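Engineer: Got a structure here, written out as structure tokens. Questions coming.
The values are calculated or read from the model by the stated rules, or taken from the named source; none is laboratory data. Since the structure is predicted, the reported quantities are computational estimates derived from the model, not experimental observations. Glycine also receives a Cβ, built like all others from the backbone with ideal geometry; neighbour counts cover every protein chain displayed.
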Amino acid sequence: MTEWSIVCYDHDMRPGERQSTIADIVRDEGRVTVEALTRHFGASAETIRRDLATLSREGIIRKVHGGAVFPGSRGEDPFQKRMGHNIAAKRHIAKKAITLVSAGDTLFIDTGTTTLMFARELGSIDNLTIITNSIEIARVVSTGNSSASLFLVGGAYNADNRQTFGMMAMSQIEMFRGTLAVLAIGTVDAAAGAMDYNIEEAQVARAMIKQSQSAVILSDSSKFNRIAPFAVGPLSCFNTLVCETEPKGSLQRALEQSSVEIVF
């Protein structure tokens, strides 16, 4: 067993922090055992099994007999790899973002690991209409919210991100009007606004913004003050930024000047 197993944590460590660290360990090691994790955290086997069950439900790890493996162990999976990063921040953002949604709303939700966590929080809100280009978000909504009306737009398919895109997808998005567009962008910058690393994802996001009454960015702070190749829109296109920590400096000033509400 590698050296991480000899480090011991505070018994009062919060579950979210422990689960985030477990995800990091599983991602780095590929496979871990319940026994090694109990030694590492000084926690009971029952506690560790609950943590693994939570991470497994979220698609971040895969439970196996006596422990867990990283899903990418069966072959490279970029989306699953991203799911394992900044878990605590993404959970925080998802729980904050859900407060912006009311029963009966119509939501556009684009592809992303943070928007997927957000989708998992929608089960308690009745009579939603969800339009998405994400296979994973469609699966989560269909199994977690029986009262929701779900529309998965068609188009070309990207297996890595499990999403549809292209002219057909954007044409179908134009058939709807949304209360909110909930978007997981690649970066956000004071001068350049919201950007993405994938041109197809940027195009879908722009189409969703155009068809919505308001637009919400879900972004952890690792994406602040960075530049990506493809523009989604200036900050003035958005109504709300949901993040885990308050932006500072020029980004904070630019958001305030563009009347973007900051929720953290």
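Engineer: Looking at this structure, is PRO15 at pLDDT below 90, of a type outside the set (Val, Ile, Thr) and buried (at least 19 other Cβ atoms within 10 Å of the Cβ)? Write out each step before concluding.
Structural biologist: Values: at pLDDT below 90: yes; of a type outside the set (Val, Ile, Thr): yes; buried (at least 19 other Cβ atoms within 10 Å of the Cβ): no.
Against the criterion (at pLDDT below 90, of a type outside the set (Val, Ile, Thr) and buried (at least 19 other Cβ atoms within 10 Å of the Cβ)), PRO15 does not qualify.
Engineer: Test ALA202 against the criterion of being over 25 Å from THR99 (Cβ atoms) and either surrounded by fewer than 21 Cβ atoms within 10 Å (Cβ to Cβ) or of a type in the set (D, E, K, R) (or both), and give yes or no. Spell out how you get there, then give the answer.
Structural biologist: Values: over 25 Å from THR99 (Cβ atoms): yes; either surrounded by fewer than 21 Cβ atoms within 10 Å (Cβ to Cβ) or of a type in the set (D, E, K, R) (or both): no.
No.
Engineer: What are the residues in segment 161-184 that are among the aromatic types (Phe, Trp, Tyr) and in a strand (DSSP E or B), if any?
Structural biologist: PHE165 - this is the single residue of segment 161-184 that is among the aromatic types (Phe, Trp, Tyr) and in a strand (DSSP E or B).
Engineer: Only residues that are assigned to a strand (DSSP E or B) and over 15 Å from THR115 (Cα atoms): list them for segment 185-222, please.
Structural biologist: Initially, segment 185-222 is screened for residues assigned to a strand (DSSP E or B), giving 187-189, 193-196, 212-218.
Across segment 185-222, the qualifying residues are VAL188, ASP189, GLY193, ALA194, MET195, SER212, GLN213, SER214.
Engineer: Name the residues in segment 168-198 that are surrounded by fewer than 20 Cβ atoms within 10 Å (Cβ to Cβ) and either outside the structural domain of THR240 (by TED's automatic domain parsing) or among the hydroxyl-bearing types (Ser, Thr, Tyr) (or both), would you?
Structural biologist: Kept after step one, since they are surrounded by fewer than 20 Cβ atoms within 10 Å (Cβ to Cβ), are these residues of segment 168-198: 168, 171-172, 174-177, 179, 189-192, 197-198.
Within segment 168-198, SER171, THR179, TYR197 qualify.
Engineer: Regarding ALA254, is this residue more than 18 Å from LEU152 (Cα to Cα) and in contact (Cβ under 8 Å) with a residue 60 or more places away in the chain? Break it down into steps so the answer makes sense when it comes.
Structural biologist: Working: more than 18 Å from LEU152 (Cα to Cα): yes; in contact (Cβ under 8 Å) with a residue 60 or more places away in the chain: yes.
Criteria met by ALA254.
Engineer: May I pose another question? So which of LEU150, LEU107, LEU128 ends up being surrounded by 19 or more Cβ atoms within 10 Å (Cβ to Cβ) and either over 30 Å from SER20 (Cβ atoms) or touching a helix residue (DSSP H, G or I) at 6+ places or on another chain (Cβ under 7 Å) (or both)? Walk me through it before giving the result.
Structural biologist: Numbers: LEU150 fails: surrounded by 19 or more Cβ atoms within 10 Å (Cβ to Cβ); LEU107 fails: either over 30 Å from SER20 (Cβ atoms) or touching a helix residue (DSSP H, G or I) at 6+ places or on another chain (Cβ under 7 Å) (or both).
That would be LEU128, the only listed residue that is surrounded by 19 or more Cβ atoms within 10 Å (Cβ to Cβ) and either over 30 Å from SER20 (Cβ atoms) or touching a helix residue (DSSP H, G or I) at 6+ places or on another chain (Cβ under 7 Å) (or both).
Engineer: Can you name the condition, by its number, that TYR197 falls short on among (1) modelled with pLDDT under 95; (2) over 20 Å from the mean Cα position of the chain (by Cα)?
Structural biologist: Exception for TYR197: condition (2).
Engineer: Still on this structure: Where residues in segment 25-70 are acidic (Asp, Glu) and over 21 Å from the mean Cα position of the chain (by Cα), which of them is surrounded by the most Cβ atoms within 10 Å (Cβ to Cβ)?
Structural biologist: GLU29
Engineer: Quick one: count up the residues across segment 133-151 that are touching a residue at least 12 places away in the same chain (Cβ under 8 Å) and either closer than 16 Å to LYS210 by Cβ or out of contact with any strand residue (DSSP E or B) (no Cβ under 6 Å at 6 or more places or on another chain) (or both). Give the derivation first.
Structural biologist: Filtering segment 133-151 down to residues touching a residue at least 12 places away in the same chain (Cβ under 8 Å) leaves 133-138, 140-141, 144-145, 147-151.
From what's left, either closer than 16 Å to LYS210 by Cβ or out of contact with any strand residue (DSSP E or B) (no Cβ under 6 Å at 6 or more places or on another chain) (or both): 133, 135-136, 140, 144-145, 147.
Final tally of qualifying residues: 7.
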